[in-house]
Structure formats: structure tokens, C-alpha cells
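In what follows, a structure is listed as C-alpha cells, so that the remarks can point back to it.
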Amino acid sequence: MKTIFKLLPVATLVLAACVSQSVQQPELGAKNLPILELNGLRFKDFNRNGKLEPFEDWRNSPEQRAKDLTTRLSIEQKVGLMFHSTLPNKKDSTTEYDLVELKNLVQTKHVNHLITRLATTPANFAEQNNLAQQVAEQTEFAIPLSVSSDPRHHFLRVAGTPVNEGFSKWPETLGFAALNDPQLTQQFGQIAGKEYRAVGIQVALSPQADLATEPRWSRVTSTFGSNPDVVSQQVGAYIEGFQQGNQGVNPQSVATIVKHWVGYGAEPNGYDGHNYYGRNAQHTADSFALHVKAFDGAFIASTAGVMPTYPILNGATVNGQPLEKVGAGYSKQLLTDLLRNEKGFKGIILSDWGITRDCTSQCTNPTKANPQTLKQVAMPWGVENLTVQQRYVKALNAGLDQFGGTDNVEPLQSAVKNGEISEQRLAQSVQRILEQKFALGLFENPYVDVTATATVFNNAETKALAHQAQQQAQVLLENNGLMPVQSGQKVYLHNVDAMIAKQYGFTVVKKRSQADFAIVRLETPFEYPHSEFYFGSLQHEGRLNFLASDKDYQVVQSLAKAHVPTIVSVYMDRPAILTNIKDKAAVLMVNFGADDNALFDVVTGKAKAQGKLPFELPRSMQAVEKQHPALPDDSENPLYPYGYSFN
């Protein structure tokens, strides 16, 4: 069933008899709210009192409207705005929200910033978000939802975000770093942002400005590489695209939350801060400055939000003083002194997920027999000895505005009522949060046109541009003359779709001895040494080198022994060690998300791989183990240096 809501058309009207002033009437979207008419203009009566209040008047600035509404809210309503939870799905469903559970969140707990985990068609996605907005419209002040999402336009599946339907498919952000074309990155952001808004998503929990300095780190794939200047420029372009400009958000924007402030990539052994064993990062004073520099482009582009990092930053200093041994979400030095005061950031600071939860024994020391589950995931690093209420107080005093991944509102309500947090401090964060909602145009129309998704998500120009990015972001490392390959030849395939090879005019053979050449797709090697941990069971950790026992490596080795010229394409979510692959490949390529069509386009010469390595490729695991986790591209005698390509 389609959602029906009132849309009031755009009109240009005269405000008053004595003043000839044109005002653009915004489109209003409402299901059951009364509409006020004044001097020919229309306004939504959010509190249903028959009067036009300052926060209801779209002619006022977002700042004025937020200030007025903040004064009208109860403590409970203000507290609810400071939580960023999850839009609940129906049990065992990725296509429908549980509107009954949502009603409790929105109308009882007053939480209305929510991440979506849906994976469905664009039209149904839009319909579901419209239904969710109707639930919010029934609250006392009809404050619209802000719906957020992790990245949905790449090949990597983010934990908790199901496989998507309909969204255009682009390389990982490493691919954009490999091309280092800010104009393309901005164009991607504009397109992706329009797709988000078309289904009712207004907040992007991205980009990552983390510097990829530890090659074993599991989150390298979502960065823009290891060069702070390139990262800064690419992050700025990404944000300008999503936010439709560099002056902050507007009704066409998707608000970006740049992450993870700051120094996340410096994790010893590549362990990650989601896990107890990865709760510490290691810095030097010089290295920390590089990680901070990578965020500069985000501030130039006026990012709407910043998400602090998980780990405790050892060895880093701010204003010459060592950092307190707490995660960044609790660090006044990082959030107030460095981010607010030195960098001048005025937007929303949203914590990463789960920093206020208790890390129980099953979180700190799970076993194979009793592994950690999602419910036991918690990251209160450095504040484990505090209660949840004390953590809320410490985080807000540090400068945080909003708590991610929780709807546990009661301890914060208690802290305010007990005087541990002043109502003035509460209002400060609520003002920032409401300003963003007003600036995004959500109060005027939080609904989307379901029928418009057919046009937005079936755009031939977008598909062509995304495919071209996949083609060009590949990096050619070696070519002994085999490429481009002429069609009509016999090819042996490994991890490649035979149907696509046939479409390009090749005959697929099953025996190596029959092949004129071979194409093999590999992934960067990885291990699961901490599979008893929830995120440890999902994240790629451990070695980066191919071993004789690896089945994929055995395929490459057997082709070399059979003297079959082989094209090897390696998908890199982390910097792979290719020392024992290089001498066995006639052609060696790297990709950061390219489908088989994009691969064959380059193989046949239809397109050219134009990427350059966004990080160095180490020569050996011994070299990896000797490098410093916080310093970029510092392994001894790398096999391929930063920025390398064969072209």
C-alpha cells in the first residue's frame, strides 16, 4: 500500500500589503498535521495549537528555529534527541521496519536519529522511510526523523548493512584515492547523495579520513590511502558532493559524518578498536600531526558532523600535553581543545557505536566455546570503571553531542535531573542537532516521492560513470606484453565468470594445457586469529602474504609451471605482499572493487587502468612487522612504492 501525504506546491507570493517582497514557498509534506495560512503562505502547525510559532516559520533561519524549539522541549525530549539508535526491522526481515517498536523509540523515548539496516528495492526503501516518518509526525512536536546509513555504493559489505539493491556500484574509496581525481570524487558524492535522499536517507556515516598507516589494519579498505594531503583533498571532495557544496547543509544535502577523529589507523598489528585486544593505538608526536592533517579537507568543506574514534591514543599529545588514557569520545583534549577550539568545528559530534556499554567478561575474554555475540559488543575504553551514567556525563563534558548505537536514555535523564549535567549544556547539543534538521529541510518535508525512485535509480549516465570508475581505478603493476588480449583465444579462468568471458569473445577451457592464457582473481590474504570475538570473526587480520598452502596461490603456481601466461588481478582491502606472485604473472593488476566486465574491459584494451597505488606494497611480512603502525609507507625496501603504476 502506498503512503499518502499532503504535498503543498511551490508558489511565489506577496508577504504583506505594504512590502513587496517575494518569498519562495517550500514544498510541504505532511500526513495529518494542520496547515496554517498567513498572507497567502502555508506553514505546518507542528504543535497543533493554531498559531504560527517561530520554529514553525520557514522564513526564519535554522538557528532561530532551533533556538525557539529547544526552549519548548522537555528534558526527556531533549535527551532523546541526543541518541542515534537503529531503525528496527521486523523479525528476520531486511525489507520492512517494525513500526510498533519504532513507535516506542520515537514517541516514548523521543529518539529520532536512526541508522537504517534495510536492504530492499529503492521504491520499497522510500515507502518504508515514509512510514517511519509518519510515526514521528505523531509526536508532540512532530520532529522528523534523521535517517542515516553506512556506505552503500561500494563492493565491501559493511558489518550490519545488508547487501543493497539498486544503488549505483562504485569502487571502494581506495579506488578514488588511486585515481586522485577530486572532481570525480565530488561527482560520485553528488550522485550517491541524490540516491540517498531519493529513498529517505539524509545522513551519511562517512567518509573515513583515517590515515592507512598500518597495512594489516582491517579498515584500510574504506580509507583514501596513506598520504595525508591526498586523503584531505579526497575527503573534502566527497563531503562537497554529498552536501551539495562547501557551505554546510541545505535541503538538497546529505549531511556527512566524517570519521574517526583521530589517529584510528595506528593500530599495532592491525588490530581494530571494536575489540578489547585492539583498544590501544600507538603514536608519536610527529605521526599524530599527520593523522590530524588528513581531516583538514573535511573542515574546509564544512562537514556536518564528526565521529570520534574508539581506541586510546598512546604517544599522542595536544598542546604539548599527553592525552588522557580514554577513547576519543571521552577526551576533552581531542573534542574540545583540538576539534572545537583549534579546528573551529561547530557541527555535531556523534560518538561511534557502543562506547557507553559495559564490556563484560564475554567482551574482554570470550572463548571458542563461549564466543562474544553482537549483544556483548561494547567499547568503553579507558572508562570501564565508570557507570553508564558517569560515562554519559564525562562524554558530554568532553564535548560530545550525541551517543551512537544506543537508546538507553534513562541514565542521561537521571544525570540531568540530578544536576550532573546542566540543562544549559543539554540545550547546547540539542541546538546543534535541531539546526541540522531545519537546514536539511526535514521540517518542511521529510517524505519522498516513491515513484521518483524509478528515474533516480535507472540512470544510464550514472551507471556508465560508475562503471568507468571501476575500469580506471584499477592499477597496472606489471605487463610483459600480454595485454591487450585479442578476442577469440582460449582462456582458463579462476574466480572469474565464464559467461562474461564468452561475451567478450573468448573460449573458456577447463584444462590448463588447452589455454592460450589465464585470468586469476585473488584477494589479499587474511586470517581470523580472534574469531571468538564478534568483530574478530568478521574482520580481516593477520598476514598479507601468500603461502604455499593457499589454494588460490596454488592455482597461480600451477599455471606458472604449465607455462600458461597469466593475468592476475588482486582485490586489495589491505596492502597485499605480492613478492611470490610477481614472478609468476605475465600481467599483475590491483583493483579496489571492479566487476568482471570492468576487468575484461582493461584486459581487452577497451579501457585503460589509470590508478596509482594509494599505499605502498611491502616486500615481506618481516618488513611489515618492523614498520611503525602510525607512520605512512615506512616499510623497508617496499616491492612497490606509494603512487606506483606500470603505465
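The values are calculated or read from the model by the stated rules, or taken from the named source; none is laboratory data. Computed from a predicted structure; not experimentally measured. Glycine gets a Cβ as well: all are built from the backbone with ideal geometry, and neighbour counts include every protein chain shown. Ligands, DNA and RNA are excluded from the accessible area calculation, which covers all protein heavy atoms including side chains. Shrake-Rupley method; radii C 1.70, N 1.55, O 1.52, S 1.80 Å.
Points worth noting:
- Of interest is the spacing of the C-alpha centroids, which for segment 17-91 and segment 216-279 amounts to 33 Å.
- Shape analysis of the chain yields a ratio of the Cα radius of gyration to the Kirkwood radius, Rg/Rh, of 1.00.
- Within segment 498-533: backbone nitrogen closer than 15 Å to the T367 label point (7 Å, Cα to C-beta): 532-533
- Within the chain, helix-based [θ] at 222 nm, where runs of 4 or more DSSP H residues each add -39,500 (n - 2.57), nearest 500: -8000 deg cm²/dmol
- Charge tally around Q610: other residues with Cβ under 13 Å, Lys/Arg +1 each, Asp/Glu -1 each, net 0.
- Dipole in debye (nearest 20) - the chain, about Cα centre, beta carbon charges: Lys, Arg +1; Asp, Glu -1: 700 debye
- Extension gain (nm, one decimal) between K91 and S74, 0.36 nm per residue minus Cα-Cα: 2.9 nm
- Protein accessible area in segment 260-361, 1.4 Å probe - carbon and sulfur %: 49 percent
- Averaging the Cα positions of each part gives two centres, and for segment 322-338 and segment 396-475 these lie 23 Å apart.
- Shown for segment 556-602: the carbon plus sulfur share of the solvent-accessible area, taken with all protein chains present and a 1.4 angstrom probe, equals 52%.
- Here segment 428-586 is treated with +1 on each Lys and Arg Cβ and -1 on each Asp and Glu Cβ, and its dipole about the Cα centre works out to around 720 debye.
- Of the peptides 635-646, 195-206, the ranking by mean beta-carbon count within 10 Å, highest at the top, reads 195-206, 635-646.
- Contour minus Cα-Cα distance for N458 and V23 (0.36 nm per residue): 153.2 nm
- A Förster distance of 51 Å, applied to the separation of the beta-carbon atoms of D583 and E410, puts the FRET efficiency at 0.25.
- Carbon/sulfur fraction of accessible area - segment 88-228, other protein chains in place, 1.4 Å, %: 47 percent
- Available extension along the chain between L52 and A562 is 175.5 nm, counting 0.36 nm per residue and deducting the alpha carbon span.
- For the chain: accessible area per residue (Å², 1.4 Å): 38 Å²
- Amide H to amide H distances under 5 Å link V23 with L13, where only residues 5 or more positions off or on other chains count and H is placed in the peptide plane.
- Report note on the peptides 353-363, 487-497: ranked by the mean count of other C-beta atoms within 10 Å, highest first, their order is 353-363, 487-497.
- Distance cut-off 15 Å, percentage of C-alpha pairs in segment 484-556 lying past it: 63 percent
- Of all lysines in the structure, those lying under 26 Å Cα to Cα from K375, and not within fewer than 8 positions of it along the same chain, are K90, K91, K103, K109, K259, K325, K394.
- When you count the other C-beta atoms within 10 angstrom of each residue and take the mean per peptide, 131-141, 38-48 line up highest first as 131-141, 38-48.
- Over segment 379-463, all Cα pairs binned in 5 Å intervals from 0 give whole-percent P(r) values of 3, 11, 16, 17, 11, 10, 8, 7, 7, 7, 2, 0, listed from short to long.
- Considering only beta bridges that DSSP places wholly inside the chain, some 30 percent are antiparallel.
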